[in-house]
Amino acid sequence: MTGAEVIIKALEREGVDTIFGMTGGAIMVVYDAMYDSDIKHILMRHEQGAAHAADAYYRTTGKVGVALATSGPGATNLITGLANAMMDSSAMVAITGNVPSGLIGTDAFQESDIYGITGPVTKHNYLVRDVNDLPRVIKEAFHIASTGRPGPVLIDIPKDLQIEEFTGDFDVEIDLPGYKPTIKGHAGQIKKAAEALKNSKEPIMIVGGGSQSAADELLAFVDKVDIPVITTLMGIGAFPTAKEQWLGMPGMHGTVSANKAISNCDLILASGIRFDDRVTGKISTFAPEATIIHMDIDPAEISKLVKAHVPVVGDLKNILPRLAEHLERLDIDDWRQQVAQWKAKYPERYETEKPLVSQEVIEMLRKETTDDCIVTTEVGQHQMFAARLFPTEKPRTFVTSGGLGTMGFGLPAAVGASLANPGTQVVCIAGDGSVQMNIQELATIYKHQLPIIIAIINNGCLGMVRQWQEMFFSERYAEIYLADSNPDFAKLAEAYGIEGHNIHDRASAKTAIEKAAKSNKPVLLNFFVYEAENVFPMVPAGAGVGDMIIGDQMPEGDYDDVIYEAEVVK
Amino acid sequence: MSIEKHVLSVTVRDKPGVLVRIASLFARRGFNIESLSVAKSNVPGYSKTTFVVSGAEKTIEQVEKQLQKLIDVITVVDHSEAKYVDRELMLLKVTINSSEERTEIRQIASDFRARIVDVHRNALVFEVTGDEGKMEAFIEQMQPFGIVELIRTGRVALTRSAADPKIIRKAKITTKAV
């Protein structure tokens with residue numbers, strides 16, 4: 001058996017059914033071995049696309065995503081995808097070919113030190129030096145990627161090792177003395193957390209990406225203790241939005257009720273979150289009086305940014321049911337009433353007197369699709385609108401680049417999500433700027449006839465930057481204008497063999513969405529929307545989450561709660 | 001927040017790239033290394049590194065946790081949590097201009113228990129071991145004669161007592177398969 005055959009056999013043993021990749025000189029031996037395998041390979045049109053698709057494959061299934069690329073540029077093209085997976089704790093194994101061992105370090109054709117380059121953006125990485133190490137390394141890589149706090153692992157394999165004859169043992173024990181994730185929460189800490197919750201009068205729970213794998217336990221917990229729940233961008237889907245406890249998203253573009261609850265609570269039960277600056281705003285004013293209970297599998301997240309009074313390290317699947325055992329329905333009726341009042345007073349609202357606006361398009365998309373659909377997003381204003389107006393109902397169904405904020409993520413992520421979940425409707429909500437960053441994946445979507453609605457929210461500019469320029473840079477709109485040179489997206493889709501429509505008004509938007517939702521094939525809908533629409537509420541960078549610019553979220557005739565006077569959107 | 005020096009003993013797997021991983025972690029998270037030494041440990045396949053890092057308590061806590069997250073890092077022991085001994089080694093070359101100076105220098109060196117490791121007509125090379133204070137004092141004493149060159153290893157450290165269960169438990173190297 002050759003090294004390449006060992007790689008494929010090892011991947012099969014790990015239960016890999018799909019690989020996203022792009023071939024090339026230093027990996028073609030592996031592709032040759034894969035030719036005889038049952039593993040389905042998806043030929044992406046760019047390695048970055050392959051990495052994002054593998055990332056989304058994990059996010060929507062909980063199974064490790066696999067990306068394959070050649071040496072040099074193929075490998076370096078993976079880097080954004082690895083960094084993205086690292087930031088959002090996505091389990092992924094990336095395999096790259098490299099130049100033959102003897103040429104490493106000689107600046108050979110298509111050589112790059114991918115092992116050195118990817119250290120900071122992977123959970124762990126390998127440069128394999130002996131063909132007989134392959135079974136162990138691959139086994140370790142899948143173990144490391146998928147356990148503890150998930151993350152990407154890269155394996156770099158020189159070409160000569162792929163060709164060389166394997167003489168080792170396939171059944172190896174892996175030995176990682178430096179890697180022992182804590183799964184079981186400490187009983188004493190859980191008890192302390194329960195005591196703190198019992199003593200609290202105004203508690204909230206903030207649910208993050210770490211909760212996606214413990215959604216059932218989370219629901220059971222909240223049903224029992226009845227605590228207000230806030231879901232971060234990464235936590236969307238982990239808790240059903242129809243529940244009365246749900247307050248939406250916190251932070252910079254969070255809901256008024258979520259941010260008010262944070263600013264007024266006396267306890268935060270943090271569930272798999274890492275207190276990102278987009279969530280906390282100015283740290284010193286982030287719930288300064290509150291007791292912080294921080295449950296997370298990664299001990300390094302405890303007290304990294306916000307001091308945890310009661311840390312509980314472990315898997316939420318283990319912690320939440322045990323915490324619930326110590327508790328009954330919390331005695332916090334006044335607080336529940338207060339929170340419900342905020343929620344009622346500040347519903348999502350936006351103006352529709354203008355031409356078509358992003359927010360109504362996204363609401364229409366939500367109405368026309370089923371509860372189990374998967375949403376992927378690009379990055380920018382449309383992403384925030386999607387988080388607020390199209391939060392999905394099931395865990396692992398809202399796929400977005402949270403930590404890294406990668407424009408170009410949404411379209412290839414839709415490919416990964418769709419292939420991982422056959423028969424499930426996928427909606428890719430994109431901006432006209434970001435969708436062009438991996439637009440080549442339309443070819444992959446066409447080839448596999450993936451039932452994806454690609455909804456381009458086309459405001460003709462880089463909208464999030466435009467909003468900041470309007471609000472904080474005296475309307476100096478530097479280098480954000482795209483409309484003069486955007487392609488005709490409908491024609492572009494057609495050029496790839498995908499049905500495409502340019503849409504300018506409400507009536508045709510509704511019809512087009514209805515039709516697309518029923519069509520069960522790829523459709524690109526290009527919605528021309530109002531250019532100067534802003535995302536509100538907004539917590540300006542450096543301000544506390546209590547200081548929101550409410551903008552068009554303002555309740556009718558009530559101006560008392562506004563801390564910053566909002567500029568009326570022109 | 002008070003800035004304190006901490007001596008960390010980090011046991012790592014003896015594999016290529018481990019030190020780069022640690023150095024890059026320090027660099028990208030803005031941690032400051034004051035000194036660093038690496039050598040093989042008594043357990044085959046494992047190396048022991050000693051770091052002296054300075055920072056506020058919160059920073060040091062992050063340093064330790066982030067180090068612990070690296071797969072090839074087996075244990076991290078912060079010696080400020082227990083009693084420890086630390087030493088460093090220095091080689092120092094000093095010029096000699098007269099036989100009086102030679103006598104004086106040799107006298108000082110003998111007070112410091114510094115060994116002569118190389119002799120020239122107009123220069124001597126000393127080897128000194130000790131803690132940081134002793135190194136500084138020796139340098140100060142030699143300064144007036146003219147130090148040509150010196151090199152220091154940085155600190156290495158061990159806990160004093162074998163009886164501290166916390167440290168021993170943390171430092172135990174397991175080889176059990178996961």
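Counting just the residues of the stretch A:295-313 that are more than 10 Å from chain B (Cβ to nearest Cβ) and in contact (Cβ under 8 Å) with a residue 40 or more places away in the chain, which one comes out surrounded by the fewest Cβ atoms within 10 Å (Cβ to Cβ)? My answer is A:309.
Scanning the stretch B:110-128 for residues that are out of contact with any Gly (no Cβ under 9 Å at 6 or more places or on another chain), surrounded by fewer than 16 Cβ atoms within 10 Å (Cβ to Cβ) and under 28 Å from residue B:38 (Cα atoms) gives B:115, B:116, B:117, B:118, B:127. Within the stretch A:190-208, can one find any residue that is within 19 Å of the chain's Cα centre (by Cα) and of a type outside the set (Val, Ile, Thr)? The answer is yes, given that some residue of the stretch A:190-208 is within 19 Å of the chain's Cα centre (by Cα) and of a type outside the set (Val, Ile, Thr). Listed by first and then second residue, the pairs with beta-carbon distance under 7 Å, at least 6 apart or on different chains, first residue in the stretch A:480-493 and more than 12 Å from residue A:436 (Cα to Cα), second among the β-branched types (Val, Ile, Thr) and at pLDDT 95 or above, are A:480/A:465.
Listed by first and then second residue, the pairs with beta-carbon distance under 6 Å, at least 6 apart or on different chains, first residue in the stretch A:112-129 and facing another protein chain (nearest Cβ under 7 Å) and outside any helix (DSSP H, G or I), second among the small types (Gly, Ala, Ser) and crowded, with 22+ Cβ neighbours inside 10 Å, form an empty list. Name the residues in the stretch A:299-315 that are touching a His at 6+ places or on another chain (Cβ under 8 Å), assigned to a loop (DSSP other than H, G, I, E, B) and hydrophobic (A, V, I, L, M, F, W, C), would you? Residues satisfying the conditions are A:302, A:306, A:308.
Taking the stretch A:197-221 as the region of interest, how many residues are more than 29 Å from residue A:86 (Cα to Cα) and hydrophobic (A, V, I, L, M, F, W, C)?
Of the residues in that region, 2 qualify.
Condition check ((1) more than 12 Å from chain A (Cβ to nearest Cβ); (2) in contact with a helix residue (DSSP H, G or I) (Cβ under 7 Å, 6 or more places away or on another chain); (3) not in a strand (DSSP E or B)) across all residues:
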| position | (1), (2), (3) |
| --- | --- |
| B:33 | yes, yes, no |
| B:42 | yes, no, yes |
| B:51 | yes, no, no |
| B:77 | yes, yes, no |
| B:80 | yes, no, yes |
| B:93 | yes, no, no |
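When B:140, B:101, B:136 are checked against the criterion of being assigned to a helix (DSSP H, G or I) and over 30 Å from residue B:5 (Cβ atoms), B:101 stands alone in meeting it.
Within the stretch A:165-181, track down each residue that is more than 11 Å from every other protein chain (Cβ to nearest Cβ), surrounded by 16 or more Cβ atoms within 10 Å (Cβ to Cβ) and not aromatic (Phe, Trp, Tyr). Listed by number, the list is empty, since nothing qualifies. The residue pairs whose first member lies in the stretch A:152-172 and is assigned by TED's automatic domain parsing to the domain that holds residue A:48 and under 29 Å from residue A:72 (Cα atoms), whose second member is at pLDDT 95 or above and of a type in the set (Phe, Trp, Tyr), and whose beta carbons are closer than 8 Å, counting only pairs six or more residues apart or on different chains, are A:153/A:126; A:153/A:142; A:154/A:115; A:154/A:126; A:155/A:126; A:156/A:115; A:156/A:126. I'm trying to understand the selection: among the residues of the stretch B:1-30, which are away from chain A (no Cβ under 13 Å) and either assigned to a strand (DSSP E or B) or within 17 Å of the chain's Cα centre (by Cα) (or both)? Selection gives B:4, B:5, B:6, B:7, B:8, B:9.
So, in the stretch A:100-125, exactly how many residues are surrounded by 22 or more Cβ atoms within 10 Å (Cβ to Cβ) and either touching a Phe, Trp or Tyr at 6+ places or on another chain (Cβ under 7 Å) or among the hydroxyl-bearing types (Ser, Thr, Tyr) (or both)? Summing the residues that are surrounded by 22 or more Cβ atoms within 10 Å (Cβ to Cβ) and either touching a Phe, Trp or Tyr at 6+ places or on another chain (Cβ under 7 Å) or among the hydroxyl-bearing types (Ser, Thr, Tyr) (or both) in the stretch A:100-125 gives 4. Scanning the stretch A:502-518 for residues that are more than 14 Å from residue A:452 (Cα to Cα) and surrounded by fewer than 21 Cβ atoms within 10 Å (Cβ to Cβ) yields a count of 8.
The values are calculated or read from the model by the stated rules, or taken from the named source; none is laboratory data. Here the structure is a predicted model, which means the values were calculated and not measured. So basically every Cβ, Gly included, is an ideal-geometry build from the backbone, and we count neighbours across all protein chains shown.
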